[in-house]
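Heads up: the structure comes next, in structure tokens.
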Amino acid sequence: MATPNQQRICIGPKVPAHADNPISMLLPSPSSGLPARFVIQDGGLYEMQMVDSEGLRSWFISDTIQSDGALYLITPFDPVFMLIPILDAMRQKTADSEGKFLMLEGIFGTCSDQYPSLRHLADLKNIDRYLSAICDVRDSKSAAMKTFRLDDEKVMGWLKKKVDVFVGKFGGIPALVESIAYTESLPEECRSEAVTQSVLRLISANLSDSWATKLSANYQFPELDKLESRTQLPSMSDFGKRSAMDLDDEPKAKEVKKTKMSVGQRKLAKASTAGMKPMTSFFAKKT
């Protein structure tokens, strides 16, 4: 467990000098529903990840030795990805109904015992704008009475715009460019499709399986499909990061195995899912 004097090395975006202290918390991962470490500071949402490394390491900080030798990366995280599964569960959509509208307090005011920190999402800057991007909105004379309900078409429209943005910026992200290096000798049509496919993998890493499937159904890759064989595009887990949800755990020595797995993969493989609740149970009415 962490001690009061324990320090950690983090790399993150610069925040204003007057910013409030960051709030570190566990929230359900938008893709899996399992606990993941996030930070809220100055009205923004950030994801915390730990750089994967083998073996035990320490940091020398001033005149102290810190036993946690990991490096933590804190990066901006689009709140809409977090909102999609929460709103999807809370609207209680059925075959006969599109679900119910909820006020802001109804969305974040009733939090599960497992994730009480969800209430902090209501304090994000521009939370109304994030909700309006993917929800049907019923306006009211009072801003506090405005209600929201997730809209599938708006969600898909937002996701497709996200794909377009990343495709446009693809060439400026070296790690993504390297992921399609195998297409350098292929026709431009193949390279263009490989770019879109790689972006879909990137965005789908923050979506549940059902939403990722719906998104991918909007795209076809005929030229890539014609190739008899091609290198598998890397998943986001190949970029050397793992979840920082175990921030209070001391690093443990790892066995060298023939087939290497990331620390995050090993933790998920060993974790028992017995008794874990589905996302929908987090927002069920208490009896």
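A compact table of results
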quantity	calculated
Residue list for the stretch 39-56, restricted to those being assigned to a strand (DSSP E or B) and either touching a residue at least 60 places away in the same chain (Cβ under 8 Å) or surrounded by fewer than 18 Cβ atoms within 10 Å (Cβ to Cβ) (or both)	I40, G44, L45, M48, Q49, M50, V51
Residues satisfying the stated conditions in the stretch 175-186, i.e. in contact with a helix residue (DSSP H, G or I) (Cβ under 7 Å, 6 or more places away or on another chain) and surrounded by fewer than 18 Cβ atoms within 10 Å (Cβ to Cβ)	A175, V177
Among (1) closer than 24 Å to L87 by Cβ; (2) in contact (Cβ under 8 Å) with a residue 40 or more places away in the chain, the one test that A175 misses	(1)
Conditions (1) out of contact with any helix residue (DSSP H, G or I) (no Cβ under 6 Å at 6 or more places or on another chain); (2) at negative phi: number failed by I40	(1)
Hits in the stretch 139-165 (condition: over 14 Å from L104 (Cα atoms), of a type outside the set (K, R) and assigned to a helix (DSSP H, G or I))	D152, E153, V155, M156, G157, W158, L159, V163, D164, V165
First in the stretch 15-31 and among the β-branched types (V, I, T), second anywhere and crowded, with 18+ Cβ neighbours inside 10 Å, Cβ under 6 Å, 6 or more apart	V15/Q41; I23/I40
Counted residues, the stretch 105-127 - those being under 17 Å from I40 (Cα atoms) and assigned to a helix (DSSP H, G or I)	10
Scope the stretch 161-174; condition under 18 Å from the mean Cα position of the chain (by Cα) and open to solvent by less than 80 Å² (accessible area, probe 1.4 Å); matching residues	K162, V163, V165, F166
Residue match in the stretch 24-32 (condition: out of contact with any Phe, Trp or Tyr (no Cβ under 6 Å at 6 or more places or on another chain), open to solvent by less than 60 Å² (accessible area, probe 1.4 Å), modelled with pLDDT under 80 and not aliphatic (A, V, I, L, M))	no
Number of the exception - D136 against (1) part of a helix (DSSP H, G or I); (2) under 23 Å from K161 (Cβ atoms)	(1)
S192 closer than 25 Å to V39 by Cα, among the polar types (S, T, N, Q) and in a helix (DSSP H, G or I)	no
Unique residue being in contact with a Gly (Cβ under 9 Å, 6 or more places away or on another chain), under 30 Å from K214 (Cα atoms) and of a type outside the set (F, W, Y) when the list is P28, P35, P85	P85
Selection from the stretch 57-104 of residues that are open to solvent by 40 Å² or more (accessible area, probe 1.4 Å), touching a strand residue (DSSP E or B) at 6+ places or on another chain (Cβ under 7 Å) and in a helix (DSSP H, G or I)	D88
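The values are calculated or read from the model by the stated rules, or taken from the named source; none is laboratory data. Computed from a predicted model, the values in this text were never measured in an experiment. We place every Cβ from the backbone using ideal geometry, glycine too, and count neighbours over all the protein chains shown. For accessibility, only protein heavy atoms count, side chains too; no ligands or nucleic acids. Shrake-Rupley method; radii C 1.70, N 1.55, O 1.52, S 1.80 Å.
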